[in-house]
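Colleague: First, the structure itself, so that you have it in front of you.
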Amino acid sequence: MQERIDEKIKLLLIDDHQLFREGVKRILDMEENFEIVAEGSDGEEAFALVEDYHPDVVLMDINMPGVNGVEATKTLIERHPDLKVLILSIHDDESYVTHVLKTGASGYLLKEMDADALIEAVKVVGSGGAYIHPKVTQNLINEYRRLAHEGDDHGVDDTEIGYKEVEYRKPLHILTRRECEVLQLMTDGYSNRMIGESLYISEKTVKNHVSNILQKMNVNDRTQAVVESIKKGWVKVR
């Protein structure tokens, strides 16, 4: 999907804490290409509001009374396959994140995010991409480190835990040198803005590189790209 230029991204905000919703709305209202069409406090409201307002992106809290965010996301994606859902959560556990993303969500953002991260996440998801909070990606990497070390301590074959220690090598057979640099910074937990500042390129250029990496690696999101790269020894876990 191509990035929207003139058309506004219609947003639906679902969270049971009104003060949090107000804070998110103030941030999103700063972007002229965003339009908050409605808001609600639980999954049941989300079902009705999606039918009434046809948003492009739903910002969905996880922990809500009644129908929670996980259940609501699964149902919404089943009913509206083209709908994009960006999860808002306090949980950064990698196993929890993986479970949530299996429901069909396009992004996972921690509630401790700053304004820039929220805006970037909505833009990425709204234009058809996937966004995972950098801290979550880093936690996933840390889990791989822990599993690898446990395997060494207990005499477990690395292949039994899905991790194989191989010599570090850049995947120049499929990626350009610049894409290799971007992939390494993704592994380090950098956001698109941080990658751009580190490599002295624009965020738009970074986004293009990330899209190319995902396509060439045949993966759906940044987290999958990082995990596969670690397994193959394409990046340094540092």
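The values are calculated or read from the model by the stated rules, or taken from the named source; none is laboratory data. Only a predicted model underlies this, so the values are computations on that prediction, with no experimental measurement involved. FYI the Cβ positions are ideal-geometry reconstructions off the backbone, even for glycines, and counts take in every protein chain you see. The accessibility values were calculated without ligands, DNA or RNA, using every heavy atom of the protein model including side chains. Shrake-Rupley method; radii C 1.70, N 1.55, O 1.52, S 1.80 Å.
Colleague: Quick check: net charge around P134, other residues with Cβ under 12 Å of its Cβ, Lys/Arg +1 and Asp/Glu -1? Each step should come with its number before you reach the end.
Modeller: Details: positive: K135, R193, R222; negative: D92, E112, D114, D116, E120, D188.
Combined, the nearby Lys, Arg, Asp and Glu give -3.
Colleague: Largest first, what is the accessible-area ranking of Y190, Y200, Y108 with a 1.4 Å probe?
Modeller: Ranking Y190, Y200, Y108 by accessible area, largest first, yields Y200, Y190, Y108.
Colleague: Taking amide hydrogens as modeled 1.01 Å from N in the peptide plane, which residues meet the under 5 Å criterion relative to I36, leaving out close sequence neighbours?
Modeller: Distant-sequence amide H within range of I36: L11.
Colleague: Follow-up question, since we're still on this one. So between H17 and Y200, what do we pick up on full extension, going 0.36 nm a residue minus the alpha carbon distance?
Modeller: Gain on stretching H17 to Y200: 62.0 nm.
Colleague: Measuring from label point to label point, each 7 Å out along Cα→Cβ, what is the K25 to T176 span in nm?
Modeller: 4.3 nm
Colleague: While we're here: For E44 and D116, what does the FRET efficiency come to when R0 = 30 Å and r is the distance between their Cβ atoms, rounded to the nearest 0.05? Show your work: numbers first, answer last.
Modeller: Working: r = 32 Å, r/R0 = 1.07.
So the FRET efficiency works out to roughly 0.40.
Colleague: If you don't mind, there's one more thing I want to ask. With a/c under 1.5 counting as rounded, go ahead and sort the stretch 9-140 into rounded, prolate or oblate using the C-alpha gyration tensor (a ≥ b ≥ c being the square roots of the eigenvalues; past the cut-off, prolate if a/b is larger than b/c, else oblate). Could you put the intermediate results ahead of the total?
Modeller: Working: a/c = 1.33, a/b = 1.09, b/c = 1.22.
Because its axes are fairly even, with a/c under 1.5, the stretch 9-140 counts as rounded.
Colleague: Cβ neighbours within 10 Å, averaged per peptide: list 122-135, 19-32 in order, most packed at the top.
Modeller: 122-135, 19-32
Colleague: Using a 1.4 angstrom probe on the protein heavy atoms only, could you order R79, R193, R177 from most to least accessible area?
Modeller: Ranking R79, R193, R177 by accessible area, largest first, yields R177, R79, R193.
Colleague: Moving on to the next point. To the nearest 10 square angstrom, what accessible area does K111 show with a 1.4 Å probe?
Modeller: Result for K111: roughly 50 Å² accessible.
Colleague: I'd like the distance separating the alpha-carbon centroids of the stretch 55-85 and the stretch 191-226, in whole Å.
Modeller: Distance between centres, Cα-based: 26 Å.
Colleague: Keeping all protein chains in place and using 1.4 angstrom, which order do V70, V206 fall into by accessible surface area, from largest down?
Modeller: Reading off the accessible areas and sorting them downward yields V70, V206.
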